[in-house]
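The structure under discussion appears below in the form of C-alpha cells.
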Amino acid sequence: MKGDLKTETESEIVAAQDRVLQSNYYTTKILNTETDSKCRLCQQFDEKIDHTISACPILAKEQYIKRHDRVSAQLHCNICKETEVQLDKKKHWYEHVPKSVETSQGGKVTILWNQQVQTDRTIPNNKPDIIIHDNEKGTCMLIDVTISGDRNVVKKEAKKFLKHKDLTIEIQCMRNVKTKVIPIIIGATGTISKSFRKYVSNIPGNNEVK
Ligand SMILES: [Zn+2]
C-alpha cells in the first residue's frame with residue numbers, strides 16, 4: 001500500500017461506479033418506493049451518488065476536507081522522504097501530520113504545507129496545498145489537490161492552472177525561480193485524467209497511481 005494514492009475503499013468505489021448504492025434518489029425514483037428522494041444529511045438536494053460523494057454541503061464541512069487532506073498529507077510524506085527531510089521513522093504514512101515548513105538536510109529543499117505566499121501585489125489564490133522550493137535548482141512547484149465529482153476531473157484540472165496563474169508569475173518575478181503548477185485532481189470514485197500520471201511523475205517521491 002506504500003505510496004499509492006487512495007481516496008475510498010475499493011468496495012465503495014466499485015459500488016458507486018456501478019450506481020447501485022441504495023441512495024434515497026435510487027430507492028425513490030428507480031425502485032419507485034414511497035420514500036423521500038432528498039439527501040438524509042442536508043435535506044436540500046436529491047440524494048444521488050454524485051451528490052453524496054462530492055456535493056453535499058453537510059459533508060463538505062468535514063468529511064470532504066478530511067478526504068482531501070488524506071491525499072495531500074500522503075503526497076507530503078512521500079515528498080519529505082524523497083527530499084531527505086527528517087521524519088519519525090516509526091510512523092506510517094497514514095500517521096504523517098505535515099508541518100507548515102519542512103527543510104531537507106542541508107537546506108536544499110523547502111516544503112511548505114498549506115501556507116499563504118506573501119506577495120507584493122494582492123493575489124486572492126495564494127495558498128496551494130504544497131509548495132516545494134528547490135533552492136539548489138532554483139525551481140518552485142505549486143501542488144494543489146482537489147477531490148471532485150468524477151465528471152468534472154478534466155475541467156477542474158484546467159481550472160487549477162488558471163487559478164494559480166497570477167501566483168506563478170508573481171513568484172517567478174519576486175524570486176527569479178522557474179515556477180510550475182501541478183494539479184492533482186482525483187474523482188471521488190477514482191476517475192483520473194489522461195495527464196494525471198504525467199503530473200504525478202513531476203512530484204518528488206514514490207507516488208504510485210492505482
Ligand atoms: Zn446532502
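Inspect all residues belonging to segment 91-106 and state whether any of them is farther than 30 Å from T52 by Cα, touching a helix residue (DSSP H, G or I) at 6+ places or on another chain (Cβ under 8 Å), charged (D, E, K, R) and at pLDDT 95 or above. Yes - at least one qualifying residue is present in segment 91-106. When the residues of segment 21-32 are filtered to those that are surrounded by 12 or more Cβ atoms within 10 Å (Cβ to Cβ) and assigned to a loop (DSSP other than H, G, I, E, B), the one that is modelled with the lowest pLDDT is L21. For segment 44-56, the criterion of being more than 16 Å from the ligand (Cβ to nearest atom), modelled with pLDDT under 90 and not β-branched (V, I, T) is met by none of the residues. Of the residues that make up segment 177-184, is at least one without any contact (Cβ under 8 Å) to a residue 60 or more places away in the chain and on the phi > 0 side of the Ramachandran plot? The answer is no; no qualifying residue exists.
The values are calculated or read from the model by the stated rules, or taken from the named source; none is laboratory data. Small disclaimer: the values here were computed from a predicted structure and weren't measured. When we count neighbours, we look across all protein chains shown, and the Cβ atoms used for this are built from the backbone with ideal geometry, even at glycine.
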